[in-house]
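A short write-up of the structure that comes next.
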Amino acid sequence: MTPLCASNVKANLFASHRNLGVSNDADALEEKVVDLQEKFMQSITLGSHYWETLSSLTKAEAESAAGNWDGYDARPIDRVSCLRAIQFSKLLPMSVPTPEIHIDTDGEVRFEWYRGPCQVFSVAVRGDGELAYAGLFGANKAYGTEYLGDELPNVLLDNIYRVYA
Amino acid sequence: MPEEFILQLPSAVGPNESLARYLTHSNHYNLQTRSVRPTAFEPPSDLRLSVFRINGLDIEHVWKIGQVNVIGAMSRPRTLYGIGKIKASAVSHVHLDIDPDNVPPRHACLVGWPEQKSRRMSIAQELAASASLILRS
């Protein structure tokens, strides 16, 4: 029942939660959740955030499919990081602005919320699920590492909102 | 390399020296805010970020260096969009060092990047925030 207990601020209808139940009812409930998610994804209102992210990711992937795409010997996009990034994008609450997607020089996918040079927050998604993040908020900065799980880590959500505070 | 580019520079980089990071990708800058984006200062895998020392050069020479030594050295055609210009003091402020290898002339590398990726991202954000964007018209 984790999805029903999730806090509103993190609410994302596309987030997939691990089904820890073993009963037939648990399986049936999971099927209904998946069914509902597919319906939500077709919605222009509810699905737009997710589709915009996917669209940006597809574009970034095309631009960086080959190495040296930046002219400074950048590595081509890491396909595993790309899959993890899709998983990460599903965890983003609909209340946060759609991030820009870039590919890092090491081939990892980066999500960036950018208002200006001193109002920026970035999350790089590694193939092993590590999330390296850094933000600059005026004179303050934050950086660290989290891991991809069933929910968006609070520290990431807090820092995304700091960009727009 | 034209002679004027090989103007003698002190071997050590002074804190007030200007350094140029050539912008070769559209995601290296933001037109709306007229700013350099952190991606422009992300180091490559060898952790040596290429810059050029541009003190004493007029802007046309800055573009020539970029065209000859940066764009010309790339394996496939690229566009030179502009430069992110920073002071050497901004580099020491984020605890990086400058290796003025002078190969090619005026070239230097920002070195001493930490291993932790999140720290490198943070440093790139600080460098970008201290940089001024000069676009090639």
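The values are calculated or read from the model by the stated rules, or taken from the named source; none is laboratory data. Quantities reported herein were computed from a predicted structural model and do not represent experimental measurements. Using ideal geometry, Cβ is built from the backbone for each residue, glycine included, and neighbour counts are taken over all protein chains shown.
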Considering each of A:Y114, A:Y143 in turn, give the residue that is touching a Gly at 6+ places or on another chain (Cβ under 9 Å) and either facing chain B (nearest Cβ under 8 Å) or surrounded by 16 or more Cβ atoms within 10 Å (Cβ to Cβ) (or both).
A:Y143
Residue pairs qualifying under the 6 Å Cβ cut-off, at least six apart or on distinct chains, with the first in segment B:69-80 being at the interface with chain A (Cβ under 9 Å from one of its Cβ atoms) and the second being of a type in the set (A, V, I, L, M, F, W, C) and in a loop (DSSP other than H, G, I, E, B), are B:I71/B:L80
Residue count, segment B:11-38 (criterion: part of a helix (DSSP H, G or I) and surrounded by fewer than 23 Cβ atoms within 10 Å (Cβ to Cβ)):
2
Return only the number of the condition from (1) under 16 Å from B:R37 (Cβ atoms); (2) crowded, with 18+ Cβ neighbours inside 10 Å that A:E63 does not satisfy.
(2)
With the checklist (1) over 19 Å from the mean Cα position of the chain (by Cα); (2) more than 9 Å from chain B (Cβ to nearest Cβ); (3) not aliphatic (A, V, I, L, M) in hand, flag the one item A:G71 doesn't pass.
(2)
Pick from segment A:130-165 the residues that are among the acidic types (D, E) and assigned to a strand (DSSP E or B): which of them is nearest to A:S95 (Cα to Cα)?
A:E146
Of the criteria (1) surrounded by fewer than 21 Cβ atoms within 10 Å (Cβ to Cβ); (2) at pLDDT below 95, which one A:Q119 fails
(2)
Given (1) more than 10 Å from chain A (Cβ to nearest Cβ); (2) in contact with a strand residue (DSSP E or B) (Cβ under 7 Å, 6 or more places away or on another chain); (3) not in a helix (DSSP H, G or I), index of the condition B:H95 fails:
(2)
Within segment B:41-63, tally of residues that are part of a helix (DSSP H, G or I) and surrounded by fewer than 16 Cβ atoms within 10 Å (Cβ to Cβ)
2
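Condition check ((1) in a strand (DSSP E or B); (2) under 25 Å from B:S75 (Cβ atoms)) across all residues:
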{"site": "A:E30", "(1), (2)": "no, no"}
{"site": "A:L36", "(1), (2)": "no, no"}
{"site": "A:T53", "(1), (2)": "no, no"}
{"site": "A:W69", "(1), (2)": "no, yes"}
{"site": "A:A85", "(1), (2)": "no, no"}
{"site": "A:A124", "(1), (2)": "yes, no"}
Pull out all pairs, ordered by first then second residue, where Cβ-Cβ is under 9 Å, the residues are six or more apart or on different chains, the first lies in segment A:58-72 and is under 19 Å from B:Y22 (Cα atoms), and the second is charged (D, E, K, R) and not in a loop (DSSP other than H, G, I, E, B).
A:W69/A:E63
More than 17 Å from A:I77 (Cα to Cα), within 8 Å of another protein chain (Cβ to nearest Cβ), surrounded by 23 or more Cβ atoms within 10 Å (Cβ to Cβ) and not hydroxyl-bearing (S, T, Y) - does that describe any residue in segment A:146-153?
no
Close pairs from segment A:135-164: first modelled with pLDDT under 95, partner of a type in the set (D, E, K, R) and assigned to a loop (DSSP other than H, G, I, E, B), Cβ under 7 Å, at least 6 apart
A:D150/A:R18
Can you work out which of the residues in segment A:91-108 that are more than 14 Å from every other protein chain (Cβ to nearest Cβ) and surrounded by 18 or more Cβ atoms within 10 Å (Cβ to Cβ) is modelled with the lowest pLDDT?
A:P93
Residues that are in a strand (DSSP E or B) and away from chain A (no Cβ under 13 Å), drawn from segment B:108-137
B:A108, B:V111, B:I134, B:L135
Need the failing condition index for B:Y29 against (1) modelled with pLDDT of 95 or more; (2) over 28 Å from B:R120 (Cβ atoms), just the number.
(2)
Among the residues listed as B:K87, B:K64, the single one being touching a strand residue (DSSP E or B) at 6+ places or on another chain (Cβ under 7 Å) and either closer than 30 Å to A:E100 by Cα or not acidic (D, E) (or both)
B:K87
Members of segment B:96-127 that are on the phi > 0 side of the Ramachandran plot and either touching a Phe, Trp or Tyr at 6+ places or on another chain (Cβ under 7 Å) or at pLDDT below 95 (or both):
B:N102, B:R106
